[in-house]
Amino acid sequence: MPMKLFKCDETIPEREKHIYIKEKGEDTTQFLPSAHVETIPGSLSERGCSYCGAKLVIGGVLKDTIQLIHGPVGCAYDTWHTKRYPSDNGNFQLKYVWSSDMKEQHVVFGGEKLLKKAMLEAFAEFPDIKRMMVYTTCSTALIGDDIKPVVKEVEKELGDVDIFTVECPGFAGVSQSKGHHVFNMGWMTDKVGTYEPEITSPYTINVIGDYNIQGDTFVMEKYMEKMGIQIIAHFTGNGTYDSLRGMHRAQLNVTNCARSAGYIANELKKKYGIPRIDVDTWGFDYAKEGLRKIGAFFGIEDRAEAVIAEEVAKYESKLEWYKERLTGKKVCIWTGGPRLWHWTKALEDDLGMHVVAMSSKFGHQEDFEKVIARGEEGTIYIDDGNELEFFEVLEMVKPDLVLTGPRVGALVKKLHLPYVNGHGYHNGPYMGFEGAVNMARDMYNAIYSPLMKLAKDDIRGEQMKTIIAEENSKLGESEVEQSKSFDITLSEPIAVLESSKIDTQPFLLSADKPLHRESEIEQSKSFDITSTEPMPTVVNYAVLESSKIDNQPLLIPDNQPLPQRQHIGGKFSTFLEQLPKYLGSFSTEYQMPIICFSTIITATITVKIIIAVLDVINEIPQLNLVFELTGIGYLIWFVFRYLFKASTRQELAAQISFIQKEIVEGQDS
């Protein structure tokens with residue numbers, strides 16, 4: 001039976017339906033693992049939520065659009081800076097994140113006013129940006145915030161803006177795949193056909209399902225430009241809001257990631273009759289095949305072949321170098337969905353590697369059908385894998401490399417296994433001929449890194465004890481004992497200054513030219529130092545101990561005076577020693593003004609905080625003015641009252657002191 005139940009899943013036997021091991025001669029449609037179903041309770045799923053699929057994967061990639069998340073700020077942070085999709089306008093989409101920042105009171109009383117305020121503030125802060133997408137989250141969906149009327153109100157109020165709503169809270173589906181579907185269908189319904197693009201070529205396409213991870217889109221743009229093909233819209237890598245509104249004018253839809261963007265390609269075919277072709281552009285063979293498909297559709301096969309020949313001549317020798325060193329290496333691929341079947345044949349055919357295990361977070365059954373058909377016998381396929389299953393698989397297959405995202409990658413690195421980021425890449429792009437070489441380079445660097453050899457050494461046992469003993473021995477040899485008598489060999493007489501407050505090192509000076517007058521020398525004494533080796537002259541040295549000497553040895557010739565900074569350093573040291581006394585005297589003399597000033601500052605900050613909190617909760621007109629006046633009045637009353645009482649206390653203390661003095665004098669007499 002090809003379905004497999006791991007040991008870690010013995011308490012969750014339902015997981016057996018989600019794990020498949022390919023065997024010889026099997027009908028892959030009969031034994032497909034269960035996919036795109038709810039996560040089994042108790043399984044430590046690595047899936048993302050539906051909102052994440054809409055915002056992080058698709059919408060957040062657009063380079064000229066404000067992405068406003070209506071919900072708690074954590075939902076905005078979780079989908080910001082987690083993927084590396086650059087743009088040619090200074091990476092606007094990577095620099096900022098926008099959130100309505102819902103709090104508990106908005107959950108109770110509603111967050112629609114808060115949403116409108118956030119939208120207006122966002123447009124005001126970025127006056128050059130006229131496009132926005134607004135996303136619902138679990139919190140706003142559960143309380144029933146109706147965001148579309150708010151969006152229409154803002155559009156009417158500002159006039160020159162266009163806003164798209166994405167109503168896909170995190171709980172809307174079993175994985176982020178639901179977010180892909182909601183975004184695709186919503187954009188097709190609301191926005192496609194509302195803008196007319198400028199046509200500059202007889203050959204026009206939409207590039208769908210490419211998100212410009214570390215420049216993948218730029219590679220595709222370069223190929224299309226050389227073939228004379230105009231890209232109407234990128235869905236959505238390096239794309240713009242308005243270009244996506246003009247997708248209906250393309251002659252062909254070229255689909256890369258069919259799982260996240262195949263829906264809109266199908267809808268464009270239904271409504272506008274635009275054909276769809278699916279291409280794999282990762283790896284040499286797939287890149288050739290994809291360019292030939294596009295060239296054949298437009299009847300420009302010669303242009304496609306010219307591009308292929310140019311790129312192969314440039315990168316084939318480099319790829320062969322890596323292939324010699326990567327052939328036979330075992331690799332696990334644990335990514336989202338389509339990259340399983342994009343990368344399987346590319347790694348096996350182009351580089352001679354063996355894909356031994358794959359896991360998909362949000363793949364559907366048709367995705368598994370493709371990848372299993374392309375995979376080798378004995379390969380393990382997992383739907384919605386969890387950490388414990390990953391650990392067990394690693395123990396079973398013992399891979400040389402793991403291609404996965406940074407979350408699972410952190411676990412892999414702790415196991416001292418080479419890892420390459422399959423989501424955001426290490427040093428991309430990975431698409432096309434150039435990308436195939438980049439990917440091979442990153443895998444080679446990961447596998448053959450000298451750090452991996454060190455990581456495999458276990459230093460927790462006897463080896464660690466040996467290392468510690470060796471280090472302690474080295475430290476023992478380098479230590480210098482504090483001693484008043486030692487041997488030294490020198491060719492000329494010098495004087496020794498040794499600090500009584502420094503650890504071990506002597507300060508050496510000329511013997512016949514004393515450093516200080518006798519009144520400046522502290523704790524002076526003399527003794528003899530003789531060398532065990534023959535010396536031209538054996539002399540007596542004076543050793544001066546001083547608290548003002550640096551802790552490092554310093555040799556000064558007889559004819560060179562001592563630097564003046566020694567004297568300046570002494571004065572500064574004396575000042576630091578007296579500083580607490582000065583501060584204490586100042587605080588005693590000016591105690592009352594200090595207390596008053598501190599009280600005013602504290603009270604002012606407190607009033608400001610109270611005003612801000614009440615303003616957020618109640619939104620009462622003129623509330624700021626009322627509380628400002630009240631706070632200032634209270635502050636003035638409090639300070640004068642305190643000063644009056646302080647004065648009274650001082651007078652009382654003086655009277656008590658006078659009475660005590662009279663009593664003492666009377667007793668003495």
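Nothing in this text is a laboratory measurement; each read-out follows from the coordinates by a stated rule. Model, not experiment: these values are computed from the prediction. Because the Cβ atoms are built from the backbone with ideal geometry, glycine has one as well, and the counts that use them run over all protein chains shown.
Count the lysine pairs in segment 347-455 whose Cα atoms sit under 19 Å apart, keeping only pairs 8 or more residues apart in sequence or on different chains. Display every interim value, and only then the final one.
On the way: Lys361/Lys370; Lys398/Lys413; Lys398/Lys414; Lys398/Lys453; Lys413/Lys453; Lys414/Lys453.
Eligible lysine pairs with Cα atoms under 19 Å apart amount to 6.
Multiplying the residue separation of Asp302 and Ala612 by 0.36 nm and subtracting their alpha-carbon distance yields 104.8 nm. Sorted fewest first by neighbouring Cβ atoms within 10 angstrom, His18, His416, His81 come out as His81, His416, His18. Applied to segment 145-160, the Karplus parametrisation 6.51 cos²θ - 1.76 cosθ + 1.60 on θ = phi - 60° returns per-residue 3J(HN,Hα) values of 4, 9, 8, 5, x, 5, 4, 4, 5, 5, 4, 5, 6, 8, x, 9 Hz, with x for Gly and Pro.
For a quick check: with amide H placed at 1.01 Å from N, whose amide H comes under 5 Å from Ile380's, ignoring anything fewer than 5 positions away on the same chain? Under 5 Å from the amide H of Ile380 lie the amide H atoms of Ala357, Met358, each far enough along the sequence or on another chain.
Over the Cα atoms of segment 135-232, the radius of gyration divided by the Kirkwood radius equals 1.07; this is the Rg/Rh ratio.
Using the Kirkwood formula over every pair of different C-alpha atoms, what hydrodynamic radius in Å results for segment 1-130?
Details: mean 1/r = 0.0540 Å⁻¹.
Across segment 1-130, the inverse of the average 1/r is 18.5 Å.
What per residue convex hull volume, in Å³, comes out for segment 192-306 when only alpha-carbon positions are used?
On the way: hull volume 10.7 nm³, N = 115.
Dividing the Cα hull volume of segment 192-306 by its residue count gives 93 Å³.
Tell me, Phe658, Phe235 in order of fewest to most beta-carbon neighbours within 10 Å?
Numbers: Phe658 10, Phe235 29.
The fewest-first ordering by Cβ neighbours comes to Phe658, Phe235.
Residues whose amide H falls under 5 Å from that of Ile274, counting only those 5 or more places apart or on a different chain, are Lys269, with hydrogens built in the peptide plane.
In order along segment 369-380, phi translates into HN-Hα couplings of 4, 5, 6, 5, 5, 8, x, 8, 5, x, 6, 9 Hz, rounded to whole numbers, per the Karplus curve 6.51 cos²θ - 1.76 cosθ + 1.60 with θ = phi - 60° and x for Gly and Pro.
Charged neighbours of Gly273, selected by a Cβ distance under 13 Å, balance to +4 (K, R count +1; D, E count -1). Taking a sphere under 13 Å around the Cβ of Cys168 and counting the other residues whose Cβ falls inside, with K and R at +1 and D and E at -1, yields a net charge of +1. Lysines near Lys191 by alpha-carbon distance under 23 Å, same-chain residues fewer than 8 away left out - which ones? In chain and number order, the partners are Lys55, Lys63, Lys116, Lys130, Lys148, Lys152, Lys156, Lys178, Lys269, Lys270, Lys271.
Neighbours of Ser45, meaning other residues whose beta-carbon lies under 14 angstrom from its beta-carbon, give a summed charge of -4 when Lys and Arg score +1 and Asp and Glu score -1.
In this label model, Lys453 and His416 are separated by 1.4 nm, measuring between points 7 Å along each Cα→Cβ vector.
In this structure the amide hydrogen of Tyr419, modeled in the peptide plane, comes within under 5 Å of the amide hydrogens of Val402, none closer than 5 places in sequence on its chain. Which residues does the label zone of Glu38 cover in segment 1-25, counting backbone N under 20 Å from a point 7 Å along Cα→Cβ? Those under the cut-off are 11-19. Taking other C-beta atoms within 10 angstrom as a stand-in for reagent exposure, Cys8, Cys49 fall in the order Cys8, Cys49, fewest first.
Note on Asp101 and Glu376: their simple-model spin labels are 5.4 nm apart, each label 7 Å out from Cα toward Cβ.
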